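**Q** Have a look at the structure that comes next, please.
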């Protein structure tokens, strides 16, 4: 069996792997949200006005530095007119 972090105890290793996957997931999701926003030619200010979320929060989501809640994600998808079920591919 291959471990990404062989020097860590199992529980600690599992937590580290989950955090790594989580980090990559939100970064990739954010990149896709930013691309969708830019494709619609919407600024962060436009998004703030349409969603009620702050420009800073939207920027953090797009950078993958903040987790987005499902209800917030749904609002963004509605505004950006994208399918909420699009794929996020993660390569570790």
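**Q** Before anything else, pin down the relative contact order of region 10-80: Cα pairs under 8 Å, at least 6 apart, normalised by residue count, whole percent.
**A** Worked out over region 10-80, it gives 38 percent.
**Q** Would you kindly state how much longer the chain becomes between residue 67 and residue 42 on full extension, computed as 0.36 nm times their sequence separation minus their alpha carbon distance, in nm to one decimal?
**A** That pair, residue 67 and residue 42, stretches by 6.9 nm at full extension.
**Q** What does a probe at residue 22 reach in region 42-76, counting residues whose amide N is under 18 Å from the point 7 Å along Cα→Cβ?
**A** In region 42-76, the label zone of residue 22 (backbone N under 18 Å from the point 7 Å along Cα→Cβ) covers 60-73.
**Q** Once you treat every alpha carbon in region 10-80 as an equal point and sum by Debye, what is log10 I(q)/I(0) at q = 0.12, 0.15, 0.21, 0.23 Å⁻¹?
**A** Each listed q maps to, in turn, -0.34, -0.50, -0.83, -0.96.
Each value in this text was obtained by applying a stated rule to the coordinates, not by laboratory testing. Remember, it's a predicted structure, so these values are computed and weren't measured experimentally. Cβ coordinates were reconstructed from backbone atoms using ideal geometry, including for glycine residues, and neighbour counts include every protein chain displayed.
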